[in-house]
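The values are calculated or read from the model by the stated rules, or taken from the named source; none is laboratory data. Please read these numbers as outputs of a predicted model, since none were measured by experiment. With ideal geometry, Cβ positions are generated from the backbone for all residues, glycine too; neighbour counts draw on all protein chains shown. Keep in mind that these areas ignore ligands, DNA and RNA; they rest on the heavy atoms of the full protein, side chains included. Shrake-Rupley method; radii C 1.70, N 1.55, O 1.52, S 1.80 Å.
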Amino acid sequence: MVSNPVHGLPFLPGTSFKDLTKTAFHRSQTLGYRNGYAVVRRPTVGIGGDRLQVNQLSQADLDELASKIPILTYGQARQAPPAAFVPAHVAFDKKVFLESQGIELNPPEKMALDPYTELRKQPLRKYVTPTDFDQLKQFLTFDKQVLRFYAIWDDTDSMFGECRTYIIHYYLMDDTVEIREVHERNDGRDPFPLLMNRQRMPKVLVENAKNFPRCVLEISDKEVLEWYTAKDFIVGKPLTILGRTFFIYDCDPFTRQYYQEKFGISDLPRIDMSKKEPPPMKQELPPYNGFGLIEDSAQNCFALIPKAPQKDVIKMLMNENKVLRYLATLESPFPEDKGRRFVLSYFLATDMISIFEPPVRNSGIIGGKYLGRTKVVKPGSSVENPVYYGPSDFFIGAVIEVFGHRFVILDTDDYVLKYMESNAAQYSPEALLSIQNHIRKQEAPAPELDGQQAEEDPGVRDLEALIDTIQKQLKDRPCRDNIREAFQIYDKEASGYVDRETFFKICGSYQLPVDDSLIKELIRMCSHGEDKIDYYNFVRAFSN
């Protein structure tokens, strides 16, 4: 055991002391030079001139010891067996180092306190969160779990308001709310996905926080008494968010399961929000002003840019250039109208009527077009459901009222007789009987005319005699029944007249003997004015 040379105490921790009177702490020089080489010298004293606790031998002693070989003098040295190793804690166990050595110790003193040890003896500090629910636990438990509700916002009470649908998402992980818009195709709205971004929604604010500038600052717990939670979102109840009242009418299956497990609410039926369509409003048309057709005038009420009414194309193609012609007189209280004759033309393709008055010489009335092509409404029919004259309304003896003027049908052409014969189902028994009586009168022998009546209508008598003579002359030739249809193609107004150029053109195409003296006389008698020819009476001479 090495002892402290100053105090005689062992050189152990706690038993060595510093000399407070020592003032020199220099170290002795140990480096030098000899013949230009650096030489290390062993220090003879310690720091501050203290004595070194080592053997001090001179260099000569060391050289002498180095030159001596102990093995030559004493022989081979025998090494003693190494002593058994005993650890210090075993060798000095239960032994006190000092009175046996003649060292007297002071009375025992208290051990100095270690600040680190004393700090570890204090109880551990406990940290308690101020909330009653751990937000981290909530995040880990309800992560990616979202409640989905389907709601509507009914704003129909305001001007231009409407009923719009939304989807409300409630995130269980942090109690935030998100409102998404539901867009439909061609709904006319910009495709913004969100009505309200994901955020916590206050339910009850502090009294002094009503004027809080929420548009620029976020609301904290200091301004809110109660926040919206999952129990506030119930199917079938309204919910006011951002000044809008949403009515929740449905939710997804996960939301139903969550409410059943969390709140014990199992009855969350879907509420039918589909509104019944109101009955269509009856569109009332303005009163007919008398201009044009009723169908054409009604198109101005159906669309901003009116379109022409749809036509029966098949009917037009099947009945193209088919015209029914009738001879009629005007039923009028005025005596000057009693002798007037009119040709009523009914166009089967369009159900239109045109009226033409043949010019009569020295009658004082200018003939020509009396009524252009138009549909004529029957008297007594309503404006909403107009009923027009049809082919079954025209027969001998029938009265046709055209815009307040009454026409009585006196005669028909041969094509009308053929049409009625092939379409007898369309006509009433009265109409068919009138035609039969008319045919019997034509087949009956004509009564002898007295001189006075012959003098009254010489032109008619000569025309009929001439037509009869031409028919007898041409009886051996093939009948030309389609001549009438050729003239009708060029007679757009169905007046019974064509111009002279068209007349001779058609006669040339059918190779009619217009150079014959009888034919020339017939053309002269059928001429009206300088440029018009009555083909109605002319074609009678070429039909059986």
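You will find that of Asn289, Asn321, Asn300, the residue that is open to solvent by 40 Å² or more (accessible area, probe 1.4 Å), within 28 Å of Met420 (Cβ to Cβ) and not basic (Lys, Arg) is Asn321 and no other. When Ile355 is tested against the conditions (1) open to solvent by less than 60 Å² (accessible area, probe 1.4 Å); (2) of a type in the set (A, V, I, L, M, F, W, C); (3) in contact with a Gly (Cβ under 9 Å, 6 or more places away or on another chain); (4) over 24 Å from Val539 (Cα atoms), the lone failure is (4).
The listed residues are Ser543, Ser527, and the only one of them that is among the small types (Gly, Ala, Ser), open to solvent by less than 30 Å² (accessible area, probe 1.4 Å), within 25 Å of Phe356 (Cβ to Cβ) and modelled with pLDDT under 75 turns out to be Ser543.
Selection within the range 82-92: residues that are within 19 Å of Gly14 (Cα to Cα) and exposed (fewer than 10 other Cβ atoms within 10 Å of the Cβ). The member of this set that is nearest to the chain's Cα centre (by Cα) is His89.
Considering the range 370-388, the residues that are free of Cβ contacts under 8 Å to residues at least 40 places away in the same chain and of a type outside the set (S, T, N, Q) include one that is farthest from Met352 (Cα to Cα), namely Gly380. Filtered by the rule that a residue be surrounded by 10 or more Cβ atoms within 10 Å (Cβ to Cβ) and in contact (Cβ under 8 Å) with a residue 24 or more places away in the chain, the range 266-286 gives Leu268, Pro269, Arg270, Ile271, Met273, Leu285.
Among the residues of the range 236-260, write down those that are closer than 18 Å to Val146 by Cβ and surrounded by fewer than 16 Cβ atoms within 10 Å (Cβ to Cβ).
Selection gives Asp252, Pro253, Phe254, Gln257, Gln260.
Just wondering, is there one or more residues in the range 418-426 that are closer than 16 Å to Tyr326 by Cβ, modelled with pLDDT of 85 or more, in contact with an Asp or Glu (Cβ under 7 Å, 6 or more places away or on another chain) and among the hydrophobic types (A, V, I, L, M, F, W, C)? No, the range 418-426 has no match at all.
All of (1) without any contact (Cβ under 8 Å) to a residue 24 or more places away in the chain; (2) touching a Ser or Thr at 6+ places or on another chain (Cβ under 8 Å) hold for Leu410 with one exception: (1).
Applying a threshold of 8 Å to beta carbon distances and a minimum spacing of six or more residues, or different chains, the list of pairs starting in the range 163-184 at a residue that is under 19 Å from Arg256 (Cα atoms) and without any contact (Cβ under 8 Å) to a residue 24 or more places away in the chain and ending at one that is of a type in the set (Lys, Arg) and assigned to a strand (DSSP E or B) reads Ile167/Arg148; Ile167/Arg180; Glu178/Arg198. No other residue among Lys121, Lys126, Lys95, Lys110 is open to solvent by 100 Å² or more (accessible area, probe 1.4 Å), under 60 Å from the mean Cα position of the chain (by Cα) and at negative phi apart from Lys126. Counting only strands (runs of 3 or more DSSP E) that fall entirely inside the range 211-322 and contain at least 1 residues that are modelled with pLDDT under 90, touching a Pro at 6+ places or on another chain (Cβ under 8 Å) and not polar (S, T, N, Q), the qualifying elements are 224-227.
Leu147 passes all but one of (1) touching a helix residue (DSSP H, G or I) at 6+ places or on another chain (Cβ under 6 Å); (2) surrounded by fewer than 11 Cβ atoms within 10 Å (Cβ to Cβ); which number fails? Going through the list (1) touching a helix residue (DSSP H, G or I) at 6+ places or on another chain (Cβ under 6 Å); (2) surrounded by fewer than 11 Cβ atoms within 10 Å (Cβ to Cβ), Leu147 breaks only (2).
Among the residues of the range 384-399, just one is in a loop (DSSP other than H, G, I, E, B), surrounded by fewer than 16 Cβ atoms within 10 Å (Cβ to Cβ) and hydrophobic (A, V, I, L, M, F, W, C), namely Val387.
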